[in-house]
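Comments concern the structure below.
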Amino acid sequence: MTLFPPLSCPRLTVKIGSALLVDPDGGVRRDWLAGIAADIAERVGAGQQIAVVSSGAIALGARRLKLTKGGRASLEDAQAAAAVGQIALSQVWAEMLGAEGLTAAQMLVTLDDLEDRRRYLNAAATLDRLLGLKVVPILNENDSVATEEIRFGDNDRLAARVAQAAGAQGVVLLSDIDGLYDRNPALPGAVHIARVERIDAAIEAMADRGSASGMGSGGMVSKIAAARIANAAGAHLAIASGRVDRPLSSEARHTLFVAEKSAPARKAWLAGGLTAKGMIHIDAGAAKALAGGKSLLAAGATRIEGSFARGDLIAISGPDGAPFARGLSEYDAADAVRITGKRSDELGAILGYAPRAALVHRNHMALL
């Protein structure tokens, strides 16, 4: 358990490629998957929360439907294969994790779910709750409804976005290759790159666009793109070979892309020049709490301005009236007005429904 141990990485996102889950004949590699489930159980038992981004639905569905080219001959074939294969994929994950005493959950997402801020907020809240309950979310792109124009296209980048939404500190891309090489690893003299401190033009030039298995949709180009997303969000990313038993507990060679020292990308976006839909004024106690990394509770708010919906970007003004922070509101403006200045134990009776944890959660807030 040397890569991203629980003490230094409380939350981890693991992406598993099609070629690792599905054999060339289109069947599930059950023995290998049982080893992954055992690895996950070991890490969860040690206190780590794990979300899995699992490919394989199209490959499994293509076998059952007897489609050519692994179900990727056309968008329509891929959508049909995904619809059939996702059921099989979910069943096998539930079975394997269940054998280890773990509960699996399925989340199918599209590009818009994680690019639209309101839907991103919903996905992040669901992930947070599932992980807090020690459930293992199994995520995949919803290929049955995604189109060429609105899709991730590969699960490498999806895994990085999921890590961002989940607030993960690490991402592991398990693949059919053990990391980045200075050229195509099939070429003589190819050198393995163990650590990347900064993704620049030289690193990008090393990427090989091919997918060795022919089953997946992402090569090294997509993995480097995923590393950019993860690193900008404050998460380290490792590309590691899954061509070993128990890859999450082995000493297998890998490439580590080190996260940036600056603020995560979502914090930079929140603090940037986008127009806020409203403003929450806060008292000195709330300002101190926010400066200490806490969420904004209703009790610390003194006044609400503007018209905004849940998930909209809002400004937060300090007790002196100066801009203090920006964040995504957990409530619409009308409900925010109703609970301003109220204690958490009063909110349910005021709103008539179970209240959310904060007006603005710390994971969706940036101090200015």
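The values are calculated or read from the model by the stated rules, or taken from the named source; none is laboratory data. Values in this document were obtained by computation on a predicted structure and should not be read as measured data. Positions of Cβ are backbone-derived with ideal geometry, glycine not excepted, and every protein chain shown enters the neighbour counts.
Just one of the numbered conditions (1) farther than 20 Å from Ser175 by Cα; (2) assigned to a helix (DSSP H, G or I); (3) among the small types (Gly, Ala, Ser) is not true of Gly47; which one?
Gly47 satisfies all of (1) farther than 20 Å from Ser175 by Cα; (2) assigned to a helix (DSSP H, G or I); (3) among the small types (Gly, Ala, Ser) except (2).
Look at region 91-149 and say how many of its residues are over 30 Å from Gly27 (Cβ atoms) and more than 20 Å from the chain's Cα centre (by Cα).
Count: 1.
Looking at region 57-72, is at least one residue among the polar types (S, T, N, Q) and within 19 Å of the chain's Cα centre (by Cα)?
No, that holds for no residue.
Taking region 95-112 as the region of interest, how many residues are touching a residue at least 12 places away in the same chain (Cβ under 8 Å) and over 17 Å from Val145 (Cα atoms)?
Qualifying residue count, region 95-112: 9.
Please specify each residue of region 303-322 satisfying the condition of being surrounded by 15 or more Cβ atoms within 10 Å (Cβ to Cβ) and not in a loop (DSSP other than H, G, I, E, B).
Selection gives Ile304, Glu305, Gly306, Leu313, Ile314, Ala315, Ile316, Ser317.
So, Ala81, is that one closer than 26 Å to Ser8 by Cβ and in a helix (DSSP H, G or I) or not?
no
Does Val244 satisfy the condition of being modelled with pLDDT of 90 or more, under 30 Å from Leu102 (Cβ atoms), buried (at least 19 other Cβ atoms within 10 Å of the Cβ) and out of contact with any helix residue (DSSP H, G or I) (no Cβ under 7 Å at 6 or more places or on another chain)?
The answer is no for Val244.
Give just the number: which of (1) farther than 21 Å from Leu121 by Cα; (2) surrounded by fewer than 18 Cβ atoms within 10 Å (Cβ to Cβ) does Ile282 not satisfy?
Just one mismatch for Ile282, condition (2).
If Met215 passes every condition in (1) modelled with pLDDT of 90 or more; (2) in contact with a Ser or Thr (Cβ under 7 Å, 6 or more places away or on another chain) but one, which one does it miss?
Against the list (1) modelled with pLDDT of 90 or more; (2) in contact with a Ser or Thr (Cβ under 7 Å, 6 or more places away or on another chain), Met215 comes up short only on (1).
Being closer than 25 Å to Gly167 by Cα and without any contact (Cβ under 8 Å) to a residue 24 or more places away in the chain narrows it down to one residue among Ala354, Ala349; which is it?
Ala354
Considering only region 340-366, state which residues are more than 24 Å from Ala123 (Cβ to Cβ) and surrounded by 15 or more Cβ atoms within 10 Å (Cβ to Cβ).
Across region 340-366, the qualifying residues are Thr340, Lys342.
Pick from region 150-173 the residues that are part of a loop (DSSP other than H, G, I, E, B), over 18 Å from Met220 (Cα atoms) and small (Gly, Ala, Ser): which of them is modelled with the highest pLDDT?
Of everything passing the filter in region 150-173, Ala168 is modelled with the highest pLDDT.
Do we find a residue being outside any helix (DSSP H, G or I) and surrounded by 15 or more Cβ atoms within 10 Å (Cβ to Cβ) anywhere in region 62-69?
So far as region 62-69 goes, yes, one or more of its residues are outside any helix (DSSP H, G or I) and surrounded by 15 or more Cβ atoms within 10 Å (Cβ to Cβ).
Just checking, how many residues over region 70-99 are under 23 Å from Leu133 (Cα atoms), surrounded by fewer than 18 Cβ atoms within 10 Å (Cβ to Cβ) and either in contact with a strand residue (DSSP E or B) (Cβ under 8 Å, 6 or more places away or on another chain) or of a type outside the set (S, T, N, Q) (or both)?
4
Is it the case, given these coordinates, that Ala124 is touching a Gly at 6+ places or on another chain (Cβ under 6 Å), touching a residue at least 60 places away in the same chain (Cβ under 8 Å), in a helix (DSSP H, G or I) and among the small types (Gly, Ala, Ser)?
No: the conditions fail for Ala124.
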